[in-house]
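Remarks on the structure that follows.
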2 protein chains.
Amino acid sequence: MSTINDQFSHLDIILASRSSRRQALLRQLDIQFRMTPLDVKETFPATLPVEEVAEYISRLKAEAFPTEKILSHTLVITADTIVAVDNIILGKPEDDADAFQMLKTLSGRSHLVVTGVCLRSKNNIRSFSAITKVKFKELSDYEINYYIDNYQPFDKAGAYGIQEWIGKIGVESIEGSFYNVMGLPMQQLYEELRNFSL
Amino acid sequence: MSTINDQFSHLDIILASRSSRRQALLRQLDIQFRMTPLDVKETFPATLPVEEVAEYISRLKAEAFPTEKILSHTLVITADTIVAVDNIILGKPEDDADAFQMLKTLSGRSHLVVTGVCLRSKNNIRSFSAITKVKFKELSDYEINYYIDNYQPFDKAGAYGIQEWIGKIGVESIEGSFYNVMGLPMQQLYEELRNFSL
């Protein structure tokens, strides 16, 4: 899509991320932006409620962005997504067995996906987050193993991508924003971008 | 994706549809199937509740499929999707003004998307449907016109595609299956395919 929505053409938008999923999503707002990777140690206070962790980490990332690279029209976007079950956060699986265990945990019940986003300019910083409830059907061992073998979900929090095979055969219903589960709460992000003052 | 899930490899699956969206969705079940177009007059009794219209039409389509082409391992899939607001069904828009009016109607409120699916074999027929509630934010005239001009949603019931720009900037939340809004209730379809007896 070469169409450009000109609402944000006065901004130099930088998505500070390595995620090709977030890149693809943001592009679908029909806006122009650049990407730069950013390496941040994702730590958070142990007492922080799970619902607030993603936003906290997105802010850490924004604050870690080099200040000297933020010019008067720069707008930096950072984001973080977590998957939580019973107040326990599922990270990225380390191996097949870990992925299997996570998908067993998610099977036949609902969990929360929270994406936090931080917008940072020279003189302003603003963060927010969105929560989506996702309900998986009872997954069979065959289905879990088929997915892990064929899709290698080791870069995904909770060991699944809702846009992949397992999201199609396994997710019964969601409540909230679908794109939030993929990595960016698109409607809310669009609104926040419109309302953000440099 | 060249991966093939072999659960359905004993079937000759035919998607009787012209919809490239449905084709793309069904392919993501990692199954092999063929497509054949099917032209059916989409009429339904005026007294039918709106929630039942999509399933009724999907069955009409399945019944219109040429019986002589259904062999012992053939499984025909047909589907229909409707968008309903206040018990009124929004069809495909005829022109810009019609699309504008539909999106104005959907703006700032919730509506229902119902997809009906019918599975037909030589000796069996089974239909079902899924309902998803979709909530749009208040859309500005600029946003509606930008979308119509750039995405030409004239092949879409209700004049929008949730996977397109307007779905990203406009849909606040959904309740139910996301893929149902795109045209197939994927998780339910997968389960029905597994349980269907030829």
Select from the stretch B:1-39 the residues that are within 13 Å of chain A (Cβ to nearest Cβ) and over 19 Å from B:LEU193 (Cα atoms) and write down the one among them that is modelled with the lowest pLDDT.
-> B:MET1
If you go through the stretch B:75-82 one residue at a time, do you hit one that is open to solvent by 80 Å² or more (accessible area, probe 1.4 Å) and outside any loop (DSSP other than H, G, I, E, B)?
-> no
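Confirm whether A:MET102 is more than 26 Å from B:VAL171 (Cβ to Cβ) and modelled with pLDDT of 95 or more.
Details: more than 26 Å from B:VAL171 (Cβ to Cβ): yes; modelled with pLDDT of 95 or more: yes.
When the stated conditions are applied, A:MET102 passes them.
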Output the residues belonging to the stretch A:53-72 that are open to solvent by less than 40 Å² (accessible area, probe 1.4 Å) and of a type in the set (S, T, N, Q).
-> A:SER58
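To keep it simple, each residue is scored yes or no on (1) within 14 Å of another protein chain (Cβ to nearest Cβ); (2) modelled with pLDDT under 95.
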{"site": "B:GLY91", "(1), (2)": "no, yes"}
{"site": "B:ASP95", "(1), (2)": "no, no"}
{"site": "B:SER140", "(1), (2)": "yes, no"}
{"site": "B:GLY183", "(1), (2)": "yes, no"}
Being hydrophobic (A, V, I, L, M, F, W, C) and open to solvent by 40 Å² or more (accessible area, probe 1.4 Å) is the filter; apply it to the stretch A:116-145 and report the residue that is nearest to the chain's Cα centre (by Cα).
-> A:ILE131
For the stretch B:34-52, does any single residue satisfy the condition of being under 22 Å from B:ILE148 (Cβ atoms) and either touching a residue at least 40 places away in the same chain (Cβ under 8 Å) or surrounded by 13 or more Cβ atoms within 10 Å (Cβ to Cβ) (or both)?
-> no
Residues satisfying the stated conditions in the stretch A:124-154, i.e. closer than 21 Å to A:ASN87 by Cα and touching a residue at least 60 places away in the same chain (Cβ under 8 Å) | A:PHE128, A:SER129, A:ILE131
Per-region count, the stretch A:178-198, residues assigned to a loop (DSSP other than H, G, I, E, B) and either open to solvent by 20 Å² or more (accessible area, probe 1.4 Å) or without any contact (Cβ under 8 Å) to a residue 40 or more places away in the chain (or both) = 3
Number of positions in the stretch A:40-74 that are more than 18 Å from A:GLU192 (Cα to Cα), outside any helix (DSSP H, G or I) and over 16 Å from the mean Cα position of the chain (by Cα) | 13
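Does at least one position in the stretch B:12-25 carry a residue that is assigned to a loop (DSSP other than H, G, I, E, B), hydroxyl-bearing (Ser, Thr, Tyr) and open to solvent by less than 80 Å² (accessible area, probe 1.4 Å)?
Keep residues of the stretch B:12-25 that are assigned to a loop (DSSP other than H, G, I, E, B), which gives B:17-19.
Right, trim to hydroxyl-bearing (Ser, Thr, Tyr) and you get B:17, B:19.
Now drop any that are not open to solvent by less than 80 Å² (accessible area, probe 1.4 Å), which leaves B:17, B:19.
Checked the stretch B:12-25: at least one residue is assigned to a loop (DSSP other than H, G, I, E, B), hydroxyl-bearing (Ser, Thr, Tyr) and open to solvent by less than 80 Å² (accessible area, probe 1.4 Å).
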Filter the stretch A:148-167 down to the residues that are surrounded by 23 or more Cβ atoms within 10 Å (Cβ to Cβ) and more than 15 Å from the chain's Cα centre (by Cα), then identify the one that is farthest from the other protein chains (Cβ to nearest Cβ).
-> A:ILE148
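The values are calculated or read from the model by the stated rules, or taken from the named source; none is laboratory data. The model shown is predicted, which means the values in this text are computed figures rather than measured ones. For neighbour counting, all protein chains shown are included, and Cβ atoms are generated from backbone atoms with ideal geometry for every residue, glycine included. The accessibility values were calculated without ligands, DNA or RNA, using every heavy atom of the protein model including side chains. Shrake-Rupley method; radii C 1.70, N 1.55, O 1.52, S 1.80 Å.
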